[in-house]
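Scroll down for the structure; my scribbles are underneath it.
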Amino acid sequence: MKTEVAIIGSGPSGLLLGQLLHSQGIDSIILERVSADHVLSRIRAGVIEEGFASLMKEAGIADRMQAEGEVHHAVEIAVGDDLHSIDLFDLTGGKSVTVYGQTEITQDLMKAREASGRRSFYEVANVCPQNFDGDSPFVTFEKDGEAHRIDCDYIAGCDGFHGVSRPAIPDGVLTEYERVYPFGWLGLLADTPPVNFELIYIKHERGFALCSKRSESRSRYYLQVPLGEKVEDWSDDRFWEELKRRLPSSVADNLVTGPSLEKSIAPLRSFVVEPMQYGRLFLVGDAAHIVPPTGAKGLNLAASDVATLYNILKRVYQDNRTDLIDRYSEICLRRVWNGVRFSWWMTKMLHHFDEDKFEDRVRDSELDFFLADENRRRILAEQYVGLPYEPVE
Ligand code: FAS
Ligand code: PHB
């Protein structure tokens, strides 16, 4: 088989890249290790930056997000029983975020991929990117026990943190930066009306909590739990009781509980690999970086990587601007490190760490300092709505 861009991974990064390339008449083949249903069963991100929303419009897949997504002009931070509103719209001169689940985005992208007629292979095995340090890269894989080879111009490694693309780069090329946090997030999804219209990030002595949503009838909640916790030790009742104890009293009475549709524990880490490319192989999204979800940046950073790679490849195919190929990693990493820093900062300020009391008090003081003043709240707001995408010129 031949194509212009071989894409490994059919998560949001791979699907969005494939759809944008298709909009410019550039062919791609997507390879995915699991079934489409399995990809859709993962409950992940919920907050979309304006840059991502614009990209979805450019890809022609924004209709349902515009109809069903919920635009939010503010976000709230609870410190113990005090609720602080961060007026994103006022503080950023009119910017907002959209609440629209990653599952819905992936569903919209899969539907568009099918309509585009571009080739995708699910439930493949032994995917192996090869010869990408030369001019004729290719990818081999197996499907139903049969071996296949895709000859291509470029390979996009959109295969997440546990994919094969990053490890395929020779030893000694990559530098890894990592921070593993001493806790995880226990997430619960339920068909119950959300406790609050705005999202609430809660700093509490018992641990962090987050009140989010997927719609006005479907809630998404998270509790900070120690490492090693098992989801089977958390009954729905235990989850709801613990969440209620961490909620500020002004909203606790609004909590509507119900049976969980999904419950899982996600470990928290910060991770970046440099560079994000090698020859004709590009690392995109979670294949190159991971952030703790406290800043709602994971999926949004994946989107800005896709925007950069798409804009480079568009210029390569349309204007023969092959000089831009080597700019991908440098452009992506500037925005990635801003997102990594913001996610680390929000995680550090809002979570309960068991280290020495001095660090805890310094963290309390830092959060109070930024909440206490409009100009300092603006620093938080501008990063939460997302920094601008860097143009490719
Ligand atoms: P993904 O991991 O989504 O997709 C990679 C795809 O590649 C997967 O479908 C995988 O099956 C496939 N793949 C892997 N190896 C392969 C191989 N060898 N061959 C073929 N295919 C292969 N972000 C937020 O903003 N907010 C959140 O609340 C949030 N919660 C999260 C919870 C969890 C448990 C995780 C893991 C992530 C969370 N994230 C969150 C981040 C998440 O949304 C990612 O940023 C987003 O999924 C990134 O998309 P991709 O880069 O496409 O990677
Ligand atoms: C979610 O709704 O899943 C969500 C929202 C905001 C975050 C993290 C997760 O920061």
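The values are calculated or read from the model by the stated rules, or taken from the named source; none is laboratory data. Quantities reported herein were computed from a predicted structural model and do not represent experimental measurements. Don't worry about glycine lacking a Cβ; one is built from the backbone with ideal geometry, like all the others, and counts go over all protein chains shown. With ligands, DNA and RNA removed, areas are computed over all heavy atoms of the protein, side chains included. Shrake-Rupley method; radii C 1.70, N 1.55, O 1.52, S 1.80 Å.
Data overview
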read-out	value
Subset of region 307-345 (residues that are open to solvent by less than 30 Å² (accessible area, probe 1.4 Å), touching a Pro at 6+ places or on another chain (Cβ under 8 Å) and within 15 Å of ligand 1 (Cβ to nearest atom))	S343
Verdict on I379 being more than 19 Å from the chain's Cα centre (by Cα) and open to solvent by less than 10 Å² (accessible area, probe 1.4 Å)	no
Residue list for region 159-188, restricted to those being within 11 Å of ligand 1 (Cβ to nearest atom) and open to solvent by 10 Å² or more (accessible area, probe 1.4 Å)	D159, G160, F161, H162, G163, V164, R166, P167, A168
Qualifying position, being near ligand 1 (Cβ under 9 Å from one of its atoms), touching a residue at least 60 places away in the same chain (Cβ under 8 Å) and crowded, with 19+ Cβ neighbours inside 10 Å, among E32, E49	E32
Residues being in a helix (DSSP H, G or I) and touching a residue at least 12 places away in the same chain (Cβ under 8 Å) - total across region 346-363	6
Any chance Y181 is closer than 22 Å to M349 by Cα, of a type in the set (F, W, Y), in contact (Cβ under 8 Å) with a residue 24 or more places away in the chain and within 16 Å of ligand 2 (Cβ to nearest atom)	yes
Enumeration of residues in region 8-29 that are over 15 Å from Y154 (Cα atoms) and not in a helix (DSSP H, G or I)	S10, G11, Q24, G25
Positions within region 202-224 being open to solvent by less than 40 Å² (accessible area, probe 1.4 Å) and within 14 Å of ligand 1 (Cβ to nearest atom), in sequence order	F208, A209, L210, C211, S212, K213, S219, R220, Y221, Y222, L223, Q224
Hits in region 139-176 (condition: in contact (Cβ under 8 Å) with a residue 40 or more places away in the chain and assigned to a loop (DSSP other than H, G, I, E, B))	C152, D153, C158, D159, G160, F161, G163, V164, I169, P170, V173, L174
From L199, L227, residue being out of contact with any His (no Cβ under 6 Å at 6 or more places or on another chain), open to solvent by less than 40 Å² (accessible area, probe 1.4 Å), farther than 30 Å from F138 by Cβ and within 15 Å of ligand 1 (Cβ to nearest atom)	L199
Among the candidates S264, S235, S304, S249, residue that is surrounded by fewer than 24 Cβ atoms within 10 Å (Cβ to Cβ) and within 12 Å of ligand 1 (Cβ to nearest atom)	S264
K213 vs. criteria closer than 19 Å to W345 by Cα, at pLDDT 95 or above and basic (K, R)	no
Tally, over region 28-70, of residues that are within 13 Å of ligand 2 (Cβ to nearest atom) and touching an Asp or Glu at 6+ places or on another chain (Cβ under 6 Å)	1
Hey, H22 open to solvent by 30 Å² or more (accessible area, probe 1.4 Å) and farther than 27 Å from S165 by Cβ or not	no
Residue within region 281-297 that is more than 16 Å from ligand 1 (Cβ to nearest atom), at pLDDT 95 or above and surrounded by fewer than 24 Cβ atoms within 10 Å (Cβ to Cβ) present	no
Of the criteria (1) more than 16 Å from ligand 1 (Cβ to nearest atom); (2) at pLDDT 95 or above, which one G69 fails	(1)
Members of region 70-122 that are under 25 Å from S217 (Cβ atoms), open to solvent by 60 Å² or more (accessible area, probe 1.4 Å) and among the small types (G, A, S)	S85
Matching residues in region 36-46 - criterion: being open to solvent by 30 Å² or more (accessible area, probe 1.4 Å) and over 19 Å from G163 (Cβ atoms)	D37, I43
Filter result for the condition that a residue is modelled with pLDDT of 95 or more and either closer than 28 Å to I86 by Cα or assigned to a loop (DSSP other than H, G, I, E, B) (or both), over E229, E262, E205	E229
Within region 95-112, considering residues that are more than 13 Å from I61 (Cβ to Cβ) and touching a helix residue (DSSP H, G or I) at 6+ places or on another chain (Cβ under 7 Å), the one nearest to ligand 1 (Cβ to nearest atom)	Q102
